[in-house]
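Here's the structure, in structure tokens; my notes come after.
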Amino acid sequence: MGVFDNTDWDAHESVCFAADAATGLRAVIALHSTALGPAGGGVRFRPYASSEDALSDALRLSRAMTAKMALAGLPFGGGKAVIIGDPRADKTAALLEAFGRVVEGFGGRYICGEDVGTTPQDMAIINRATRHVAGLPETSGDTAPATAHGVFQAMRAAVRRKLGREDFAGLRVAVQGLGSVGYRLCVHLADHGAILTVADVNDEAVARAVAALDATAVPSDRILAVDADVLAPCALGGVLDAASLAMLRAPVICGAANNQLADGGCAAILAARGILFVPDFLANAGGVISATGPFLGVGEAETERKVAAIFETCDRLLALAERDSITPSDAAERLVAEALKAKRPVGSMAA
Ligand code: NAI
């Protein structure tokens, strides 16, 4: 299959295949769009089964980054790099430096950062060969608080539109995953009077939420089917598939997990069932807003303002979906397309 025939191809600006025999580097860097600024996106290091799989991942993830950046109001386009290999066995300083030289070749059109299989320390090594790196050890902080705050803001907008409620007092929220983001989201929700039902495969995490936040625990395989007002998937991607869609009972879904929909058809099925699904790349954008702050030289107050603005962007997106009877995912695509055409990120928060 050729690059242009790949089903994940979406008029990407450029795709670079890079190899370095001396270090064993084999990488694909996809720049989906630089209309709003340099393409930003992490470096994923994975033992892909084939170069076609690596290409598909780079194409798909870079496209998603364009949407995420535009909706977050950030002056970045969308890009993604994938390095083919097992990060535990194949990741060497020489390979990362060779990768850095490839990034340098883009002359600033691609800014890389950490992703699955890479760390801030790896970014420091890549930084020896290029300055076009975000997420270095000295600047990279914990993004989970901003992510949790952003999910809460998106949830506020969704709850208002779908349930006609301005507050969370007595609202029943089911949270899947009590890790860095999920637990912090629970704290926001409990502070605002929500009644929590939670699940995690880690018993300690569950015990903490039960003790500190008065949450009710259910087994992990029951959380998606809980009778709640809102479901917040904050654990894994792909949780909303044909089997789980049939058991959902919450009228609103808004959570942090990346790529919650197992495939493109799920958005329409959710809409047909009257379930409002907030696209995850908008709800969890607090992470990228906070991660890019140091690179942009933006202070904490401005970062917080941008995270809080996820409420307005989500409200606008849901209003558009309602007005034109389209899914929130389609509304997101439309807002992003308009932003790219106008060369301005969505919302009034463009830097
Ligand atoms: P984490 O690794 O700290 O927490 C994930 C939690 O989910 C863990 O407590 C784990 O035990 C639990 N879990 C795993 N499988 C489960 C299952 N089957 N049922 C219930 N619980 C399960 O990860 P973190 O940072 O909290 O991220 C959560 C999600 O949000 C991930 O999908 C991540 O990609 C996404 N995300 C995180 C961002 C961040 O700033 N940390 C930014 C954007 C997205």
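The values are calculated or read from the model by the stated rules, or taken from the named source; none is laboratory data. Since we're looking at a predicted model, the values are computed, not measured. With ideal geometry, Cβ positions are generated from the backbone for all residues, glycine too; neighbour counts draw on all protein chains shown. Only protein heavy atoms, including side chains, enter the accessible area calculation; ligands, DNA and RNA are left aside. Shrake-Rupley method; radii C 1.70, N 1.55, O 1.52, S 1.80 Å.
A few remarks follow.
- Every listed requirement among (1) of a type in the set (Phe, Trp, Tyr); (2) under 19 Å from ASN258 (Cα atoms); (3) not in a strand (DSSP E or B) is met by PHE99 save one, (2).
- Residue, nearest to ARG131 (Cα to Cα), within region 289-311, restricted to residues that are open to solvent by less than 20 Å² (accessible area, probe 1.4 Å) and within 16 Å of the ligand (Cβ to nearest atom): THR292
- Each residue in region 148-182 was checked for being without any contact (Cβ under 8 Å) to a residue 40 or more places away in the chain and open to solvent by 30 Å² or more (accessible area, probe 1.4 Å), and 7 of them qualify.
- Region 54-79: number of residues that are in contact with a His (Cβ under 8 Å, 6 or more places away or on another chain) and under 24 Å from THR313 (Cα atoms): 7
- Residue within region 29-50 that is among the aliphatic types (A, V, I, L, M) and within 15 Å of the chain's Cα centre (by Cα) present: yes
- GLU138, sole failed condition from (1) surrounded by 19 or more Cβ atoms within 10 Å (Cβ to Cβ); (2) more than 15 Å from the ligand (Cβ to nearest atom); (3) modelled with pLDDT under 95: (1)
- Residues being out of contact with any strand residue (DSSP E or B) (no Cβ under 8 Å at 6 or more places or on another chain) and either at positive phi or buried (at least 20 other Cβ atoms within 10 Å of the Cβ) (or both) - total across region 223-233: 0
- Selection within region 219-231: residues that are within 17 Å of ASN202 (Cβ to Cβ) and under 23 Å from the mean Cα position of the chain (by Cα). The member of this set that is farthest from the ligand (Cβ to nearest atom) is ILE223.
- Some residue of region 312-321 being among the hydrophobic types (A, V, I, L, M, F, W, C) and within 16 Å of the ligand (Cβ to nearest atom): yes
- Of all residues in region 127-171, those being over 20 Å from LEU317 (Cα atoms) and not charged (D, E, K, R) number 20.
- Qualifying residue in region 189-210 (condition: surrounded by fewer than 22 Cβ atoms within 10 Å (Cβ to Cβ) and within 21 Å of the chain's Cα centre (by Cα)): no
- Whichever residue in region 161-195 is under 18 Å from ALA257 (Cα atoms) and in a strand (DSSP E or B) and, among such residues, is farthest from the ligand (Cβ to nearest atom): VAL173
- Pairs where the first residue, in region 277-295, is on the phi > 0 side of the Ramachandran plot and the second is within 9 Å of the ligand (Cβ to nearest atom) and open to solvent by less than 10 Å² (accessible area, probe 1.4 Å), C-beta under 7 Å, 6+ apart: none
- Within region 234-276, the set of residues being within 14 Å of the ligand (Cβ to nearest atom), part of a helix (DSSP H, G or I) and open to solvent by 60 Å² or more (accessible area, probe 1.4 Å) comprises just one member, ALA243.
- Cβ pairs under 9 Å, 6+ apart, first in region 248-267 and over 21 Å from GLY179 (Cα atoms) and among the aromatic types (Phe, Trp, Tyr), second open to solvent by 10 Å² or more (accessible area, probe 1.4 Å) and within 15 Å of the ligand (Cβ to nearest atom): none
- Restricted to region 199-218, and to residues there that are more than 9 Å from the ligand (Cβ to nearest atom) and not in a helix (DSSP H, G or I), the residue that is farthest from ALA262 (Cα to Cα) is ASP214.
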